[in-house]
Amino acid sequence: MSRLSVVFGGSRGIGRAVAGLLAQRGQRVVVISRNQEAAQATAVALPGADHVALSCDVSKEQEVQKTFEAIQKNYGTMRYLVNAAGINRDGLLLRTRPNDIVSVLHTNLLGSMLTCRAALRSMLGQGGAIVNIGSVVGMKGNAGQCAYSASKAGLEGFTRSLAKEVASRNVRVNLVAPGFIRTDMTAGLEQEEAGGGGAGGGGGGGAHTRIPLGRFGEPEEVAQAVLFLLESPYITGQVLLVDGGLQLAL
């Protein structure tokens, strides 16, 4: 249990499901959230022992750096990193405040870049795997989600590029792109037949009619895809859609 799995956004939704699945596999999990109490509640509830809860705002470089310094000093060598922290501020671009655009980009894109950069300081010497959580909206776009879509599209390009940079050092980097997943961020949307996607959520109507499997996905189903990519030694620089066959309107 000396090697760690670090999950940002691990206190709820997809991140919490990933933390639970990793714990079931015998990993020691570091659950990280902006809310220390929420992170602690999740860590305590995980199967196994010695899991860790930390607070961090991924959009702030100094907090990210201090978090990884604490992990390296106190808890062991990192094996896996999962970036599931995300926010959304849905709305037409003309009605979206610049501060909201910046918040979405800083959390969803810059945050993952900062955590990956910090994690690589230990991973490059030992090897490891990173999975970022994107969204189908980042690949196909969606009205009312310009900032969110841009952040997730940027995350795809970042993931593919970083994978090429670190492959020779036995570090793999992949992206999971969820569709409509039942999380706090999509609460109420299913009943309204409206949209929601990925780690944040989405806009658009008639969700069930556009999902061939006919239902929202569960966080645990996305977590299975994340675990697959973490444990697959010959996959890197890839995007795995977990969307039930979703067809987003053009």
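Quick one: how many residues across the stretch 20-64 are of a type outside the set (A, V, I, L, M), in a helix (DSSP H, G or I) and in contact with a helix residue (DSSP H, G or I) (Cβ under 6 Å, 6 or more places away or on another chain)? Going through the stretch 20-64 one residue at a time, the tally reaches 2.
Of the residues LEU109, LEU124, only one is of a type in the set (A, V, I, L, M) and crowded, with 21+ Cβ neighbours inside 10 Å; which? Step through it out loud before you land on a result.
Numbers: LEU124 fails: crowded, with 21+ Cβ neighbours inside 10 Å.
Every option except LEU109 fails the conditions.
Criterion first (assigned to a helix (DSSP H, G or I) and either farther than 25 Å from GLN126 by Cβ or at pLDDT 95 or above (or both)) does ALA17 satisfy it? Spelling it out, ALA17 is indeed assigned to a helix (DSSP H, G or I) and either farther than 25 Å from GLN126 by Cβ or at pLDDT 95 or above (or both).
Just so you know, in the stretch 40-96 the residues that are more than 21 Å from GLN24 (Cβ to Cβ) and of a type in the set (Asp, Glu) include one that is surrounded by the most Cβ atoms within 10 Å (Cβ to Cβ), and it is ASP90. Beta carbons closer than 6 Å, at least 6 apart along the sequence or on distinct chains, pair a first residue in the stretch 5-29 that is on the phi > 0 side of the Ramachandran plot with a second that is small (Gly, Ala, Ser) and outside any helix (DSSP H, G or I) for GLY9/ALA84; GLY9/ALA85.
Would it be correct to say that GLU69 is touching an Asp or Glu at 6+ places or on another chain (Cβ under 8 Å) and of a type outside the set (S, T, N, Q)? When the stated conditions are applied, GLU69 does not pass them.
Among the residues making up the stretch 74-97, a single one is assigned to a helix (DSSP H, G or I) and either among the basic types (Lys, Arg) or touching a Lys or Arg at 6+ places or on another chain (Cβ under 8 Å) (or both): ARG95.
Results for (1) at pLDDT below 95; (2) surrounded by fewer than 17 Cβ atoms within 10 Å (Cβ to Cβ), shown as yes or no for each residue.
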position: SER151; (1), (2): no, no
position: LYS164; (1), (2): no, yes
position: ARG172; (1), (2): no, no
position: GLU190; (1), (2): yes, yes
position: ALA199; (1), (2): yes, no
position: PRO219; (1), (2): no, no
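Checked across the stretch 134-148, the condition of being over 18 Å from VAL242 (Cα atoms), outside any loop (DSSP other than H, G, I, E, B) and free of Cβ contacts under 8 Å to residues at least 12 places away in the same chain holds for no residue.
Taken over the stretch 30-64, the residue count meeting the criterion of being at positive phi and touching a Cys at 6+ places or on another chain (Cβ under 8 Å) is 0. What do you reckon, is GLY134 at positive phi and not hydrophobic (A, V, I, L, M, F, W, C)? No.
The values are calculated or read from the model by the stated rules, or taken from the named source; none is laboratory data. Everything numeric in this text was worked out from a predicted model, so none of it was measured. Don't worry about glycine lacking a Cβ; one is built from the backbone with ideal geometry, like all the others, and counts go over all protein chains shown.
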